[in-house]
Amino acid sequence: MYDLLNTISSPADLKNLSTGQLEQLCSEIREYIISCCAHNPGHLGSSLGAVEIAVALHKVFDAPQDKIIWDVGHQAYAHKIITGRREEFMHNREKGGLSGFPKRGESPYDSFGTGHASTSISAAHGMAVADSLQDINASHIAVIGDGAMSGGLAFEGLNNAGVSKSNLLVILNDNRISIDVPTDAMHRHLMRITSGVRYNRIKSNIWRRLGAGKLRNFLQDLTRSTKKFLLHNSETVSMFDALGFRYFGPVNGNDLKQVLSILKRLKNIDGPKILHLVTVKGYGYTPAEENPEVWHAPGMFDPETGEPNPAKGGPERYQKVFGETITELAAFDGRIVGVTPAMLRGSSLDIMKAVFPDRVFDVGIAEGHAVTFSAGLAAAGMLPVCNIYSSFMQRAYDNLVHDVAMQDLKVIFCLDRAGLVGEDGATHQGAFDMAAFRSIPNMAIASPLNELELRNMLFSATQQDYPSTIIRYPRGSGEGVTWRSVPFEKVPLGKAVLLNEGGKVAILSVGPIGNGCARVVAEAKKRLGADLLHYDMRFVKPIDTEAIDDACRKASVILTAEDGAAIGGLHGAVSEYVSENHPGIKVVAVGIPDRFIDQATVKQQYEECEMGWENILQKVTEIFGN
């Protein structure tokens, strides 16, 4: 079935293959990716579209001496398979298996870790400068696609690399979509570039006949001066030229012969270059081509029919609760607007957009801009709800401090995918938000116990007495609590809820981990005959000091539980207060430890971090035993 693929153990095995054999290899790699992802879900569409690029790059260049950086990293499955990880790819994104993204510690062929977007150009430029300083002769290739060129860091990298004359090749993998349909100006420019067929045919013929030297430089200046005549969208290509990059393309990135041909020529051209490849997301698999948004990460499916495996029944996802609730709130508060950086469907803001299309803004892969854009909306009288995945919010820290909090502007931040997220692994764990943002003035931080509490927190955050508020909640299903159409109820700012009266040991939890803690309380009563005090803190900031005082009066040990970094979050807040006001009370942390947590199921990650209810019960048992 995989006659050629089974013979490939490293990129060296590609060097002697003919173009026809390489085309067969592309087909086999594509079939293998589909087969593996059907049973072990991953980011399918992006990698299917980039197979020819991966094969061509490893045919023409000499990795790992030549540095290839994939951005965003979920388009790199073919690269992983070619570089000696074919068998391991069957366990992609599993505990102990391959990361779903390039990872430096996994393979020397992974030049740079790229779980987040828009980093490749800056990183490749840095590597090019470092190699130059060390007299190392190597090529440096940044493959940027799936909407990553819309990120501000990509432009910063282009701006700096263009004036440095680094030996850098930027491959723009333009599949005309990111996770959702892009709406940014760069996307529109690239769409217009691809229509300039006449210009690009002429330019391609000129460059094919040129060698190095003064003639080529002269003709380069000449071609620049004639672009306005030849190409109706000359301002787009001129942008790259103005940044110091020689622009080549557009080229069909799924035509292996074309890609091989142009890469061989570009390999011998020094300086910063940008190659515009137009690919089809999901290429070679009809269901993925026809619906690229769904097939970005489709879950398990039948590889023959493309039919998804039936979804298991159960509670609604927190994302659905957010989407429906914010739409309901927007219906009676015209100030409410939604903002997201390229996560419209993932965040469920598409629900609000369907009802209020002019009040929801997808700003592209640009988290910093999303926050400052929200600040501008707030400064002009609107009430923005900015939904960003927790791990991506790290990229907008300064924007939140300087543009929102320092100016005391009211923005509601909904941090989706907070806590442990499962198979996406270390780059996507929402571990740091509470610890990172707790020290910032003019900012409340809340985390709901369940769906109903999320609904009421969203409502409460819109009220006048609330400041800018971060509401963090996990990926996936809730607890099964009835929430839809339940009348809104105000959550008092900074007030905890007593869930169980008790003593000796007190549990202070925040967020959905409190449901596991409630089970611990029930099991401790059954097995140990002990009544544990349990508060759902609801807020990390402002922290409910009255609840902490109550715990310190009734218990000698306080156990804090949070689905976030144990350093600096709820544990930090409680420990600081207790040490100053109740010396002698011991505070024990349950939370994400001081290390990055790799891919696994969420349940496995909870066990690894000793955050499951059984782990917490064991801690309680040990406390009583001592």
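Exactly which chymotrypsin sites (Phe, Trp or Tyr not before Pro) in region 514-621 are in a DSSP loop and have at most 13 other Cβ atoms within 10 Å?
Passing both the DSSP loop test and the Cβ count: Phe596.
Between Leu528 and Glu610, what FRET efficiency follows from the Cβ-Cβ distance if R0 is 22 Å, with the result rounded to 0.05?
Calculated value: 0.70.
Just to verify a number: FRET efficiency for Asn309 and Asp398, C-beta to C-beta distance, R0 = 45 Å, to 0.05?
0.60
Can you pull out the trypsin sites (Lys or Arg not before Pro) in region 285-383 whose DSSP state is coil and whose Cβ has at most 10 other Cβ atoms within 10 Å?
Here the sparse-neighbourhood loop sites are Lys312.
Which listed residue (Ala342, Ile34, Leu256) has the Cα farthest towards the positive end of the charge dipole for the chain, taking +1 on Lys and Arg C-beta and -1 on Asp and Glu C-beta about the Cα centre?
Leu256
For Val360, enumerate residues with amide H under 5 Å from its amide H, sequence gap 5+ or separate chain, H modeled in the peptide plane.
Gly338
What percent antiparallel are the DSSP beta bridges of region 318-472, to the nearest 5? Show your work: numbers first, answer last.
Values: 1 of 21 bridges.
About 5 percent, rounded to the nearest 5.
Order these by the 10 Å Cβ neighbour count, fewest first: Ile262, Ile33. Don't skip to the answer; put the middle values down first.
Details: Ile262 20, Ile33 23.
Fewest-to-most Cβ neighbours within 10 Å comes out as Ile262, Ile33.
Simple spin-label model, 7 Å along Cα-to-Cβ: Thr19 to Asn626 in nm?
So the label points at Thr19 and Asn626 sit 7.1 nm apart.
Let me spell out the model: positive unit charges on the Cβ of Lys and Arg, negative unit charges on the Cβ of Asp and Glu, origin at the Cα centre of region 71-170. What dipole size does that give, in debye rounded to 20? Mind dumping the intermediate values first?
Details: 8 positive and 10 negative charges, 32 e Å.
Charge dipole, region 71-170, about its Cα centre: 160 debye, nearest 20.
In debye, nearest 20: dipole of the chain around its Cα centre with unit charges on the Cβ of K, R (+) and D, E (-)?
Dipole size: approximately 1960 debye.
Skipping prolines and chain starts, which residues have an amide H placed within reach, meaning under 5 Å, of the one on Val170, given they are 5 or more residues away or on another chain?
Distant-sequence amide H within range of Val170: Ala142, Lys273, Ile274, Leu275.
Taking a cut-off of 23 Å between Cα atoms, list the lysines near Lys95, but don't count ones fewer than 8 places away on the same chain.
Lys95 reaches Lys80, Lys103, Lys312, Lys603.
Label region 497-625 by shape, choosing from rounded, prolate and oblate, from the square roots a ≥ b ≥ c of the eigenvalues of the Cα gyration tensor; if a/c is under 1.5 it is rounded, and otherwise prolate applies when a/b is larger than b/c, oblate when it is not. Working shown, then result.
Numbers: a/c = 1.71, a/b = 1.17, b/c = 1.45.
It comes out oblate by the Cα gyration axes.
Report the charge-dipole magnitude of region 497-625 in Debye, nearest 20, computed about the Cα centre from +1 at each Lys and Arg Cβ and -1 at each Asp and Glu Cβ.
So the dipole magnitude of region 497-625 works out to roughly 360 debye.
Give the long-range amide H neighbours of Ile445: residues separated by 5 or more places, or on another chain, with amide H under 5 Å away, using H modelled in the peptide plane at 1.01 Å from N.
Correct list: Ile470, Val540, Lys541.
Convert each backbone phi in region 309-321 into a coupling constant with the Karplus relation 6.51 cos²θ - 1.76 cosθ + 1.60 (shift: θ = phi - 60°), then list the ³J(HN,Hα) values in order as whole Hz, x for Gly and Pro.
3J(HN,Hα) across region 309-321, in whole Hz: 5, x, 5, 6, x, x, x, 5, 6, 4, 4, 5, 4.
With a 10 Å Cβ neighbour count serving as the proxy for reagent exposure, in which order, fewest first, do Ile585, Ile592 appear?
Fewest-to-most ranking of Ile585, Ile592: Ile585, Ile592.
Using +1 at the Cβ of each Lys and Arg and -1 at the Cβ of each Asp and Glu in the chain, identify which of Ala426, Pro292, Ser477 lies farthest towards the dipole's positive end.
The residue sitting farthest along the positive end of the dipole is Pro292.
Please report the antiparallel percentage of the DSSP beta bridges confined to the chain, to the nearest 5. Before the final figure, lay out each step's value.
Numbers: 8 of 67 bridges.
Beta bridges within the chain, antiparallel portion: roughly 10 percent.
Could you work out [θ]222 nm for the chain from helices alone, using -39500 (n - 2.57) per DSSP H run of at least four and dividing by all its residues? Round to the nearest 500 deg cm²/dmol.
Dividing the helical sum by the residues of the chain leaves -12000 deg cm²/dmol.
What percent do you get for the relative contact order of region 497-625 when only Cα pairs under 8 Å and 6+ apart count?
After rounding, I find 27 percent.
Mind listing the phi-derived Karplus ³J(HN,Hα) values for region 115-132, rounded to whole Hz, using 6.51, -1.76 and 1.60 with θ = phi - 60°, and x for any glycine or proline?
Calculated HN-Hα couplings, in order: x, 9, 9, 6, 8, 5, 5, 4, 5, 5, 4, x, 5, 5, 5, 4, 5, 4 Hz.
What angle do you read, to the nearest 10 degrees and between 0 and 90, between the alpha-carbon axis of helix 152-164 and the longest principal axis of the chain?
40 degrees
Ranking Met611, Met149, Met406, Met457 by Cβ neighbours within 10 Å, fewest first, what do you get?
Ascending Cβ contact count within 10 Å gives the list Met406, Met611, Met457, Met149.
Rounded, prolate or oblate: pick one for region 421-509, where a ≥ b ≥ c are the square roots of the eigenvalues of its C-alpha gyration tensor, a/c under 1.5 means rounded, and failing that, prolate if a/b is larger than b/c, else oblate.
Details: a/c = 1.19, a/b = 1.13, b/c = 1.05.
Verdict is rounded for region 421-509.
How large is ³J(HN,Hα) for each residue in region 433-445, as worked out from phi by the Karplus curve 6.51 cos²θ - 1.76 cosθ + 1.60 (θ = phi - 60°), to whole Hz, x for Gly and Pro?
5, 5, 5, 6, 9, 5, 7, 8, x, 6, 9, 9, 10
Only the coordinates and a few stated rules stand behind these numbers; no lab work does. Fair warning: this is a prediction, and the values are worked out from it, not measured in the lab. Reconstructed Cβ throughout: ideal geometry from the backbone, glycine too, with neighbour counts over all protein chains shown.
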